[in-house]
Amino acid sequence: MTPGAPSQMRVFTALELPPALCDQLSEVVASLDALLQHGGVRWAQAEGMHVTLKFYGAVVSEKLAELQAALKQAAESAGPMALELQGLGVFPHPLHPRVIWVGVAGEVEKLRLLYQKVEQVSASLGFKPEARGFAPHLTLGRVKGHLRPREREALADALARQRGQAFGAFTAETLSLMRSDLKPTGAEYTRLFAAPLSSQMG
């Protein structure tokens, strides 16, 4: 970074999971990882698991206060929501998996309304709306290269067996702004700010 240039942080907004549920999902990760012998997937760390609502990328530090105020406004439009983690899947296609995910069920309509509000207040600050539609999920891992055919088949079988399986439930009560630091061992996440989902109408 050149002297005098504004500092930047990679940030995103998310719903964080309670530790017990993170531990439960780490067991799911361990069982899937055992199917993939050459470490072809970068798995999410248990302590950093979350449901992402919007990824902003690199944001200058001076803009963070505005972003926090906007997210507080978004959070005030929604109340706590009961969510469940259910089923496994991949993006974009089972034959070419790039992202391995856990689905989100429960009060998903409340979650969609919160997502829309986050997009709205973010756009008011100049952040581009997400081009893809919102598909509520939690990322368990990202495929680093190409899986071997045998591994791909084993992964597809495991996902099919657990398609409708419930992994746990939680009540989302806060909207968090998270910092993402890329390390050789994977991304590390730090909460910068959390706003309560406080609407009595949520």
Fill in the blank from the handout: Picking from Leu159, Leu175, Leu140, Leu155, the residue that is closer than 27 Å to Leu64 by Cβ, surrounded by 15 or more Cβ atoms within 10 Å (Cβ to Cβ) and out of contact with any Asp or Glu (no Cβ under 9 Å at 6 or more places or on another chain) would be Leu175
Exercise for the section: Answer yes or no as to whether Ser26 is surrounded by fewer than 14 Cβ atoms within 10 Å (Cβ to Cβ), hydroxyl-bearing (Ser, Thr, Tyr) and under 27 Å from Leu155 (Cβ atoms). Expected result: no
Problem - Any chance Val143 is hydrophobic (A, V, I, L, M, F, W, C), modelled with pLDDT of 95 or more and in contact with a Lys or Arg (Cβ under 8 Å, 6 or more places away or on another chain) - result: no
Problem - Residues satisfying the stated conditions in segment 153-202, i.e. over 21 Å from Gln37 (Cβ atoms), touching a Phe, Trp or Tyr at 6+ places or on another chain (Cβ under 9 Å) and either modelled with pLDDT under 90 or among the basic types (Lys, Arg) (or both) - result: Arg179
Practice task
With the condition kept exactly as written, say whether any residue in segment 52-60 is over 24 Å from Thr190 (Cβ atoms) and either in contact with a Lys or Arg (Cβ under 7 Å, 6 or more places away or on another chain) or in a loop (DSSP other than H, G, I, E, B) (or both).
Solution key: no
Problem - Residue check, Leu114 outside any loop (DSSP other than H, G, I, E, B), touching a strand residue (DSSP E or B) at 6+ places or on another chain (Cβ under 8 Å) and either polar (S, T, N, Q) or touching a residue at least 40 places away in the same chain (Cβ under 8 Å) (or both) - result: yes
Practice task
Tally the residues that are under 15 Å from the mean Cα position of the chain (by Cα), surrounded by fewer than 20 Cβ atoms within 10 Å (Cβ to Cβ), over 10 Å from Ala166 (Cα atoms) and of a type outside the set (Gly, Ala, Ser), restricting the search to segment 77-97.
Solution key: 1
Handout entry: Every pair of residues 6+ apart whose Cβ atoms lie under 9 Å, when the first sits in segment 45-72 and is without any contact (Cβ under 8 Å) to a residue 60 or more places away in the chain and among the β-branched types (Val, Ile, Thr) while the second is in a helix (DSSP H, G or I) and surrounded by 14 or more Cβ atoms within 10 Å (Cβ to Cβ)
Key = Val59/Leu67
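The values are calculated or read from the model by the stated rules, or taken from the named source; none is laboratory data. Quick caveat: nothing in here was measured; it's all calculated off a predicted structure. All Cβ positions, glycine included, derive from the backbone under ideal geometry; neighbour counts span all protein chains shown.
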